[in-house]
Structure formats: structure tokens, C-alpha cells
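Single-structure report; data block below.
Derivation of every value follows stated rules applied to the coordinates shown; laboratory data play no part. Fair warning: this is a prediction, and the values are worked out from it, not measured in the lab.
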Amino acid sequence: MRFKRLFLIPLIVVIQSLILHAQDEPVLHMSISTFSWSDPMTDLYWMSEGQALELKALPLVRSGPFRYVGSKDLLIYRGKPQLSEDGVAPKPVGRVELPSQGGRALLILMSPEGPGGRIIGHIVPEQEGDFPAGSCRFINLTQSAVNIAAALDDELFILTPGQTNTVMEFANEDSGGFKLRFAYQKAGGEWDKFYTGRWTQNPNLRTLFIITENPLGHFILRRISDRPRNL
């Protein structure tokens, strides 16, 4: 009997610790907009407040915002929103770690295996007023440094892998617009240009530049503009 008591005491302590840890896990309240890197994704859903809710992501435009209430570990499922009889969702096709503070964010979704494959998500927190109309935001989702030069005044800045930079000054462009040059840093340290383009920034819109690399090693730039709104 004494041996059983000695065995049960640490087991009870472990169970209590797991219960307390689950109770301490914060519930996040988030407003999430989405963007698909390639094909439209309209067959996805997630769990929010115990309910299976539809989720979609479209290319070249923000979708949503979608309300999410749940754990920091966001799971994405494919197919018709459903739960099993015991309230458990099927196996997820994507997993994204959300910021601990909750709030607002842009969720960039990619499907490297093509339609029907697994989903990779990249979350970009967005706070009130940090990405206003007239500004431009650059996100580097590659494994290399990216050099961005504004031909208007030769201002140069470099984005490290995973870094985001928002430029407010682009709100005051001249009638000729802007010309930007993008280059990535190769293994030897030299820079190789991969995109040069000109555009005119509407002061009532904001523009998001997303930089990524495909499986062939080619750098790709996506640009979307939208009007800021309350998410």
C-alpha cells in the first residue's frame, strides 16, 4: 500500500500541473485578414470559440477580416467545416503560431505542394495606425537579405530575412511616381537585381510588397494595395 501511495502522489502532482497549465494558457482575441500567395484558397476553415468557421484567402487582395478566438497555436483545416461526434476536428493541414498579444494581423498563406497540399502561414502583426494610407510596407519572406533602393532620392535600406519595414514618406510622391530596385544578397555577398518597377502611390491607399523565393530559387515580388479600415 505504501508503494502505491508513493507512486500516486507524483502522478497526481503531474496531472494537477497539466490542468493548471491548460487553465493558464491565454485565449487570444484576434482580427485576421488573409492573403494567398498563389491560387485562391476557399476550402479552408479554423476553430474559433469551439466552432468551425470558414476561412478563405485570395491573391492580390486582402480577404476578411476574420474573427479568431482561441489558443496561440492556430490550426487550419481543409474541406467543409465539420466536427466529429466528440467535438474534435480532422487532421489540420496548416499550423501557425500567433503573437501572444493578440490584436490585428495579416496572415499570408502559401501552398508549396499545390492545391490540396499542406498550408504554410506567415503572420504579420498590425497595430492601429502603424500602416496608414499613403505608406508602403515591405516584407521579406526569403532566407536572404534584400536590398531596396528608391530611385527618387537613392534612399537605400536592407531587409534581413523575416524583417518588415514600413515607409511613410512615399505618401508625398511627385506626379512621375516611384521607381524601386530590388536585389537579393547571394552567398558570396554580392547583390543580384531581381525586380525594377515604377508605380504611383495613391495617398488614400496603402501598398504591401511581399518578397519570397520559389523552389527554383527565383525571387518573386507581389504587390497589393488596399484602403485602411477598422479590422
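Centre-to-centre, using Cα atoms only, segment 49-67 and segment 91-161 are separated by 17 Å. Under 23 Å of direct C-alpha separation, and excluding same-chain neighbours fewer than eight residues apart, Lys179 reaches these lysines: Lys193.
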